[in-house]
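Notes for the one structure printed next.
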Amino acid sequence: MTTVDYGGWLINELSLAVSDLVNPSKRVSILYFASALFFAFVLFLFRYGKGAPRRLSALFSWRLWWHPSARVDYALWLGNRLILSLLFPKVITTLGVVTWLMFQLREVGLSPLAMTIPDWSVIALFSLCYFLLDDFSRFWLHWLMHRWSWLWAFHRVHHSAKVLTPFTVLRTHPVEGMLFYGRSLLVQGSLVALFVTLFPGQVSLLMIGGVFVATYVFNICGANLRHSPVPISYGKTLERWLISPAQHQLHHSAAVEHYDCNFGVVLAVWDRWFRCLQFGSDQQKLRYGTLSTLDQTGVFGQYLSPILFLGRGLNGRQAGLIKTTLVNAGKAKARETTQAKPE
Amino acid sequence: MKKTLLTAFIGASALSLHAQTYDFAVSLPDYQGDASSSVSYGGQIARHALHNSLKKASKSGDLALMESYFSSKAEGLSILDPVSKKGFAIKQSSIDELSKGKDLKSSAYPGTITGWPGNLTGPEVLQQMVTNAANTKGGYDPVNGYDYTQLISKFTMGAVFYNKAVNDYLDEKLEADVKPNDKPYSKGAPYTGKEHVWDEAFGYFGAPINGLELTPKEVVQIVKLNPDYFAKADANKDGVVDLKTEMAFAHAYYAASIDASGKTDYFHTILQAFYDGRSVIQDAKGKVLSAAQREELKGYAKVIGVAWQQVIAEAAFKYAGSVYADLEKIAIIEESNGDVKKAYRNYVKHWGELKGFALSLQAAGRDLGRTQSQLDRLIGFSPVLFGNAQVVAANSKGEFTQSESVTMQEYKLNMLKVQNLLSSHFALTAKLNDRTGGMDDVLEQLKSGPSAEND
């Protein structure tokens, strides 16, 4: 490749990243920013009347959007785009996995169901199963990332955000990005293979405007507020079933009492099942970050941080725990906190 | 008043229907001859008749007979297919009535065909198939798993008709400096250079001139010479079906048969583009085409090229599904210790159709990139044979060498991959005989691309 080729690739990838802002399948789409704002405003208007605009004012501060932590979010977003574009074509494809799995399922004797089931039932069943499996697997992987030190080493990049903006959702280490890809490959591969074997030619996802209906509703109803300075609680009754923005902000809280809670994405039932659900509040005032030097680290330091973190752990007291790969990340986090100099 | 309006409406409808017929008046201002139509593609229809006849002859074991239709350019050849039958009279019975001195071999794609053993060019592959077919009974070679009738027929359609149309007439011959529109194609001809080039491509597609008025199902039945559809076929009501203007051949038939599933409209899409493109040339009234007109023409040529390629890919997709089903049947019969002879015969036939169409995709100078090598590897040089062997090479005499391969059951997985590959690369819609359960459509819905969204 010549310099011109590299330049072309760079511009193409960066423009694709920016095009996420108008892509309705991406959470950072402007459409969802706007809908989240509208959603929050209506809810606050209903709850606090004239006080509603004041509660949203933090979202309109340049101090938030140009905070050093937010700038690291942007850099990781664009940097990951470049790194993942190099990795993705080389990794195994979902289509390949589904094809192979479906073939194996047929070989062990699984065949299309003998009875005729209407298309809409298959679509509804597939969409429901996909939603549940996808949401649970996200929860579980997230839970593991806090539980296993060598996974936490990568995930703490996300938690090092000192301010939360909608772009914090993209503040991710590329290795974690690959883990997300592997999770999605496994979930999509197994579920699609099973369904197309049982219901060939009938399987489809319930879509709105080219996006899975659950993703669309989740995003349109303010998913972007999860990573924002605006705490919105759904009230205890609803928060037993759905994770509110305030609950996710608790998950990001630097306070020890909030460690390892609310891992869920959409449903709160998984957190209840794993006994780690905490309720949020519109009034909560939280401090975010890992309370380690990572919170002040720039983008390159963030990329290298897992190596340093694991190296330190292997040389120090954590070595034995890492070997068992069953470190309680809450404790690990707390240990970090006590080791780190307070700001 | 109402009646007058209705009459005017019917009149206008009839006129618009008439206008959709692929027939155009002479546009050359200085033309002195008697012809009223400028459309002529007798040579292409002659080759269609040669191809149909060669397909029949391929089962005879008579090399001389096959060669006469394949490469001889001989006069006095009778048409072996289609021939008149009760309730379906055909106007022509000899090749000469369509055009003289034509053959198939000299028009085949001259590039290397990577999907066939021996590093041969298009004409060489066809020649080898024809020669080998003469040494078999009924064009069937059970040892190597070749149905030459299918291989010859399907590959000829691609290497000759598809290649000449999209790789020649609708490509380089649309440039400004070749076959200009302000001169007769040849001295005294009633058509211009560009008119004839476009018409020759239309002829190779193989549709009747009133195709836009026919449904895909009607086209299929006309090709099958179904007497119930004779009236539909005989558009000019002269009591016979003229092969030049009233019959469908080759890929036009396959386009219609795929469209008959109701999911696609390849036949009419291609025909409409041919008609609209020809109208652009006609509107130039025998003058040189402007750059804008040629661009418009190239736009129609692109529509034709893409849809034509999709038709071939859809056909390959369908037969990959048939091969998969055949292998399932063979496994079931083998389990019960039954006779697999008939199932194996069908397997070889369907594989021949799959291979013929897959080879066609690479026989028109279109860069298929990685898809070409993937198709070659997944399908192989032959079907997987009993004993888990496949043809891996051929010598200069056209004798094949076999070697150990995957099992027949594992070969089914290859067929699934072939269907996925064809579907994604060529953006297929009809996908007949789909054995993948429609997985690529579901995955398309789930597609997210490279991003690292956290929770």
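The values are calculated or read from the model by the stated rules, or taken from the named source; none is laboratory data. Note that the coordinates shown come from a computational prediction; the quantities given were computed from them, not determined experimentally. Using ideal geometry, Cβ is built from the backbone for each residue, glycine included, and neighbour counts are taken over all protein chains shown. Side chains included, ligands, DNA and RNA excluded: accessible areas come from the protein's heavy atoms. Shrake-Rupley method; radii C 1.70, N 1.55, O 1.52, S 1.80 Å.
Does at least one position in the range A:44-53 carry a residue that is under 22 Å from A:GLY289 (Cβ atoms), out of contact with any His (no Cβ under 8 Å at 6 or more places or on another chain) and away from every other protein chain (no Cβ under 14 Å)? Outline the logic, then answer.
Initial filter on the range A:44-53 (under 22 Å from A:GLY289 (Cβ atoms)): none.
Checked the range A:44-53: no residue is under 22 Å from A:GLY289 (Cβ atoms), out of contact with any His (no Cβ under 8 Å at 6 or more places or on another chain) and away from every other protein chain (no Cβ under 14 Å).
Tally time: how many residues in the range A:167-183 are more than 7 Å from every other protein chain (Cβ to nearest Cβ), open to solvent by 10 Å² or more (accessible area, probe 1.4 Å) and touching a residue at least 24 places away in the same chain (Cβ under 8 Å)?
Number of matching residues: 7.
Filter the range B:73-101 for residues that are polar (S, T, N, Q) and surrounded by 17 or more Cβ atoms within 10 Å (Cβ to Cβ) and give the result. Break it down stepwise before answering.
Of the residues in the range B:73-101, the ones polar (S, T, N, Q) are B:78, B:84, B:92-94, B:99.
B:GLN92, B:SER99, listed by residue number.
Testing A:LEU56 on (1) away from every other protein chain (no Cβ under 14 Å); (2) open to solvent by 70 Å² or more (accessible area, probe 1.4 Å), one condition comes back false. Which one is that?
Among (1) away from every other protein chain (no Cβ under 14 Å); (2) open to solvent by 70 Å² or more (accessible area, probe 1.4 Å), the lone unmet condition for A:LEU56 is (2).
When only residues in the range A:68-105 that are in contact with an Asp or Glu (Cβ under 9 Å, 6 or more places away or on another chain) and at pLDDT 90 or above count, which is farthest from A:ALA17 (Cα to Cα)?
A:PHE103
Does the range B:393-400 contain any residue that is among the small types (Gly, Ala, Ser), within 24 Å of A:GLY96 (Cα to Cα) and open to solvent by 40 Å² or more (accessible area, probe 1.4 Å)? Write out each step before concluding.
Residues of the range B:393-400 among the small types (Gly, Ala, Ser): B:393-394, B:396, B:398.
Retained after the next criterion (residues that are within 24 Å of A:GLY96 (Cα to Cα)): none.
No, there is no match, as no residue in the range B:393-400 is among the small types (Gly, Ala, Ser), within 24 Å of A:GLY96 (Cα to Cα) and open to solvent by 40 Å² or more (accessible area, probe 1.4 Å).
Being open to solvent by 20 Å² or more (accessible area, probe 1.4 Å) and free of Cβ contacts under 8 Å to residues at least 40 places away in the same chain: is that true of B:SER106 here?
yes
Kindly list the number of the only condition in (1) at pLDDT 95 or above; (2) open to solvent by 20 Å² or more (accessible area, probe 1.4 Å); (3) not aliphatic (A, V, I, L, M) that fails for A:TYR216.
(1)
Can you name every one of the helices (runs of 4 or more DSSP H) wholly within the range B:220-289 that holds 1 or more residues which are closer than 21 Å to B:TYR162 by Cα and open to solvent by 40 Å² or more (accessible area, probe 1.4 Å)?
Details: elements: B:230-233, B:250-259, B:266-283.
In the range B:220-289, the matching helices (runs of 4 or more DSSP H) lie at B:250-259, B:266-283.
For B:VAL418, indicate whether it is more than 7 Å from chain A (Cβ to nearest Cβ), open to solvent by 10 Å² or more (accessible area, probe 1.4 Å) and β-branched (Val, Ile, Thr).
No: the conditions fail for B:VAL418.
Kindly list the number of the only condition in (1) part of a helix (DSSP H, G or I); (2) within 21 Å of the chain's Cα centre (by Cα); (3) among the charged types (D, E, K, R) that fails for B:ASP96.
(2)
Any chance the range A:76-92 includes a residue that's crowded, with 18+ Cβ neighbours inside 10 Å and outside any helix (DSSP H, G or I)?
Scanning the range A:76-92, I find no residue that is crowded, with 18+ Cβ neighbours inside 10 Å and outside any helix (DSSP H, G or I), so the answer is no.
Out of (1) open to solvent by 10 Å² or more (accessible area, probe 1.4 Å); (2) more than 30 Å from A:GLY301 (Cα to Cα), what's the single condition that is false for A:TRP140?
Result: A:TRP140 passes all but (2).
Every residue in the range A:15-34 that is touching a residue at least 12 places away in the same chain (Cβ under 8 Å) and more than 19 Å from A:TRP65 (Cβ to Cβ), please.
Within the range A:15-34, A:LEU16, A:PRO24, A:SER25 meet the criteria.
Tell me, yes or no, whether the range A:29-38 has at least one residue that is open to solvent by 30 Å² or more (accessible area, probe 1.4 Å), within 14 Å of chain B (Cβ to nearest Cβ) and of a type in the set (Phe, Trp, Tyr).
No, the range A:29-38 has no match at all.
Can you find, within the range A:102-128, the residue that is surrounded by the most Cβ atoms within 10 Å (Cβ to Cβ) among those that are touching a helix residue (DSSP H, G or I) at 6+ places or on another chain (Cβ under 6 Å) and more than 10 Å from chain B (Cβ to nearest Cβ)?
Per the criteria, the residue is A:LEU105.
Say whether the condition of being within 30 Å of B:TYR185 (Cβ to Cβ) and open to solvent by 50 Å² or more (accessible area, probe 1.4 Å) is met by at least one residue in the range B:109-129. It would help to see each step written out before you state the result.
Keep residues of the range B:109-129 that are within 30 Å of B:TYR185 (Cβ to Cβ), which gives B:109-111, B:121-123, B:126.
Next cut, open to solvent by 50 Å² or more (accessible area, probe 1.4 Å) only: B:110.
Yes, that holds for at least one residue.
Cβ-Cβ below 9 Å, separation at least six or inter-chain, first residue in the range A:112-130 and closer than 19 Å to B:ARG435 by Cα, second assigned to a helix (DSSP H, G or I) and not hydrophobic (A, V, I, L, M, F, W, C): which pairs?
Listed pairs, sorted by first residue: A:PRO112/A:THR197.
If you go through the range A:163-172 one residue at a time, do you hit one that is part of a helix (DSSP H, G or I), farther than 18 Å from A:LEU198 by Cβ, at pLDDT 95 or above and touching a Pro at 6+ places or on another chain (Cβ under 6 Å)?
No, because not a single residue in the range A:163-172 is part of a helix (DSSP H, G or I), farther than 18 Å from A:LEU198 by Cβ, at pLDDT 95 or above and touching a Pro at 6+ places or on another chain (Cβ under 6 Å).
I need a count of the residues in the range B:130-146 that are within 17 Å of B:MET408 (Cβ to Cβ) and in a strand (DSSP E or B).
1
Go through (1) open to solvent by 10 Å² or more (accessible area, probe 1.4 Å); (2) modelled with pLDDT under 95 one by one and return the number of the condition A:TRP273 breaks.
(2)
With the checklist (1) surrounded by fewer than 17 Cβ atoms within 10 Å (Cβ to Cβ); (2) in contact with a helix residue (DSSP H, G or I) (Cβ under 9 Å, 6 or more places away or on another chain) in hand, flag the one item A:SER25 doesn't pass.
All conditions pass for A:SER25, except number (1).
Residues to consider are A:SER111, A:SER35; find the one that is in a loop (DSSP other than H, G, I, E, B), of a type in the set (Ser, Thr, Tyr) and under 28 Å from B:LEU446 (Cβ atoms).
Numbers: A:SER35 fails: in a loop (DSSP other than H, G, I, E, B).
Exactly one of A:SER111, A:SER35 is in a loop (DSSP other than H, G, I, E, B), of a type in the set (Ser, Thr, Tyr) and under 28 Å from B:LEU446 (Cβ atoms), namely A:SER111.
Among residues belonging to the range B:432-449 that are more than 9 Å from every other protein chain (Cβ to nearest Cβ) and in contact (Cβ under 8 Å) with a residue 60 or more places away in the chain, point out the one that is least open to solvent (accessible area, probe 1.4 Å). Show your work before the answer.
Let us first name the residues in the range B:432-449 that are more than 9 Å from every other protein chain (Cβ to nearest Cβ), namely B:432-433, B:444.
Applying the additional criterion that residues be in contact (Cβ under 8 Å) with a residue 60 or more places away in the chain yields B:432-433.
On the way: B:LEU432: 43, B:ASN433: 58 Å².
Taking the candidates together, the pick is B:LEU432.
For the structure I just gave you, tell me whether B:SER403 is more than 14 Å from chain A (Cβ to nearest Cβ), over 30 Å from the mean Cα position of the chain (by Cα), among the small types (Gly, Ala, Ser) and open to solvent by 30 Å² or more (accessible area, probe 1.4 Å). Explain how you work it out, then say what you get.
On the way: more than 14 Å from chain A (Cβ to nearest Cβ): yes; over 30 Å from the mean Cα position of the chain (by Cα): yes; among the small types (Gly, Ala, Ser): yes; open to solvent by 30 Å² or more (accessible area, probe 1.4 Å): yes.
Spelling it out, B:SER403 is indeed more than 14 Å from chain A (Cβ to nearest Cβ), over 30 Å from the mean Cα position of the chain (by Cα), among the small types (Gly, Ala, Ser) and open to solvent by 30 Å² or more (accessible area, probe 1.4 Å).
Counting only residues that are farther than 30 Å from B:VAL442 by Cα and without any contact (Cβ under 8 Å) to a residue 12 or more places away in the chain, give me the helices (runs of 4 or more DSSP H) lying completely in the range B:337-425 with at least 1 of them. Even if it seems obvious, please write down each step before you answer.
Numbers: elements: B:341-361, B:370-379, B:408-425.
Those helices (runs of 4 or more DSSP H) span B:341-361.
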